[in-house]
Amino acid sequence: MDGFVSSRSELSSLRLSGHLQTELRLHRETSTRLTIGIRSQYWSLNRQTIYSPRMQLVMEPNRNWNLTHADSLQKPNIRYYLAGGVYQQPAFYRELRGFDGQINTALKAQRSYHAIGGIDRTIELWGRRFKWLGEAYYKYMDRQVPYLFDNIRIRYYAENSSQAYAWGVDNRINGEFIPGLESWFTLSVLQTKENIRYMENGLLKESGFIRRPTDKRVNAAIVFQDQLPGNERYRMNLNLIFGSGMPYYLSGNLRYREVYRIPAYRRVDIGFSKTIVDANFRPPGKVWDKVESCWVSLEIFNMLGIDNVISYLWVKDFS
């Protein structure tokens, strides 16, 4: 940036908020219940009153309300849920302040309409029990405030000038591949785009639906734990992370075009540990009598030495 902004602002505002929520049991045998609620807020700064209704429908067909666990271990422990509603987020100070330092006191709350469906169930693999969580969602968003990353700082345009959408699928499976040691795998897919309205040479234009700065299409992670057969006091944990590349925008008209892209994020961590004292093993000597647990560990972060990019810093020259 080849300039600076000097401004002075004085704000006085009042926020009033409240919410109501209730839960209805619709079917006892399948443990079906419906939770509905509404949240409201008034902000004196922009004189806007917002209402955010929401609902969630949950069904656990194997649950007995007289027990704290599933009816039978022979039945899969399963839970279905469906949720939807409207979410409105009033602005904070940084969203109100434009690039020129002026405060937009008429900025409206950002709004999203969302629908979420998911399943949470216990499954058997290789003779062991695992937990699988799957979720799909869709959001339509209007009155959005565009933003960009200036190095690692978020800068807002202080205008309700875009509409956007987001959809995705999240999956996670976790369990004990090795008895007593939990491991998990996650895989997520996300797409989020926005259409920004802006002025250029006195004309109102639209960017078309371009990727939002948070559009990371694929995220995957593995955390795996193991131990030495016959000597369970020696353990190893492995952590692998992958995230596909995201778009990166500059200010000015370059904000409305997909030009730059941050490379994919990749990382591998590994750790080793040895248990010295635990409930099953205690070395001889009075020094250990009052020690409940003790272990020593060695962690190697970013084992492959991959240089990941979190942002860019642009430096102007004289040419």
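Residues checked against (1) among the hydrophobic types (A, V, I, L, M, F, W, C); (2) more than 30 Å from Glu200 (Cβ to Cβ); (3) in contact (Cβ under 8 Å) with a residue 60 or more places away in the chain:
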{"residue": "Tyr256", "(1), (2), (3)": "no, no, yes"}
{"residue": "Val268", "(1), (2), (3)": "yes, yes, no"}
{"residue": "Thr275", "(1), (2), (3)": "no, yes, no"}
{"residue": "Pro283", "(1), (2), (3)": "no, yes, no"}
{"residue": "Ser311", "(1), (2), (3)": "no, no, yes"}
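Just for segment 189-203: of the residues that are modelled with pLDDT of 95 or more and open to solvent by 30 Å² or more (accessible area, probe 1.4 Å), which one is farthest from Glu124 (Cα to Cα)?
Only one residue fits best here, namely Arg197.
Please go through segment 104-146 and give me each residue that is aromatic (Phe, Trp, Tyr), modelled with pLDDT under 95 and at negative phi, ordered by number.
Phe130, Trp132
Are any residues in segment 209-241 small (Gly, Ala, Ser) and either under 19 Å from Tyr156 (Cα atoms) or in contact with a strand residue (DSSP E or B) (Cβ under 9 Å, 6 or more places away or on another chain) (or both), and if so, which ones?
Ala220, Ala221
Kindly indicate whether Glu182 is in a loop (DSSP other than H, G, I, E, B) and either open to solvent by 60 Å² or more (accessible area, probe 1.4 Å) or over 29 Å from Ala106 (Cα atoms) (or both).
Here the answer is no, as Glu182 does not meet what is asked.
Checking Tyr249 against (1) in contact (Cβ under 8 Å) with a residue 60 or more places away in the chain; (2) in contact with a Ser or Thr (Cβ under 6 Å, 6 or more places away or on another chain), which test does it fail?
(2)
Can you report the number of residues in segment 148-177 which are open to solvent by 30 Å² or more (accessible area, probe 1.4 Å), touching a residue at least 24 places away in the same chain (Cβ under 8 Å) and assigned to a strand (DSSP E or B)?
Of the residues in segment 148-177, 15 are open to solvent by 30 Å² or more (accessible area, probe 1.4 Å), touching a residue at least 24 places away in the same chain (Cβ under 8 Å) and assigned to a strand (DSSP E or B).
Kindly establish whether Glu206 is open to solvent by 60 Å² or more (accessible area, probe 1.4 Å), among the acidic types (Asp, Glu), touching a strand residue (DSSP E or B) at 6+ places or on another chain (Cβ under 6 Å) and assigned to a strand (DSSP E or B). So that I can check it myself, show each step before the final result.
Values: open to solvent by 60 Å² or more (accessible area, probe 1.4 Å): yes; among the acidic types (Asp, Glu): yes; touching a strand residue (DSSP E or B) at 6+ places or on another chain (Cβ under 6 Å): yes; assigned to a strand (DSSP E or B): yes.
For Glu206, the condition - open to solvent by 60 Å² or more (accessible area, probe 1.4 Å), among the acidic types (Asp, Glu), touching a strand residue (DSSP E or B) at 6+ places or on another chain (Cβ under 6 Å) and assigned to a strand (DSSP E or B) - is met.
It is to be established whether one or more residues within segment 102-118 are more than 30 Å from Arg172 (Cα to Cα), exposed (fewer than 14 other Cβ atoms within 10 Å of the Cβ) and not hydroxyl-bearing (Ser, Thr, Tyr).
Yes, segment 102-118 contains a residue that is more than 30 Å from Arg172 (Cα to Cα), exposed (fewer than 14 other Cβ atoms within 10 Å of the Cβ) and not hydroxyl-bearing (Ser, Thr, Tyr).
The values are calculated or read from the model by the stated rules, or taken from the named source; none is laboratory data. In this text the structure is predicted, and so the values were computed from the model without any measurement. Because the Cβ atoms are built from the backbone with ideal geometry, glycine has one as well, and the counts that use them run over all protein chains shown. SASA here: full protein model, heavy atoms, side chains in, ligands and nucleic acids out. Shrake-Rupley method; radii C 1.70, N 1.55, O 1.52, S 1.80 Å.
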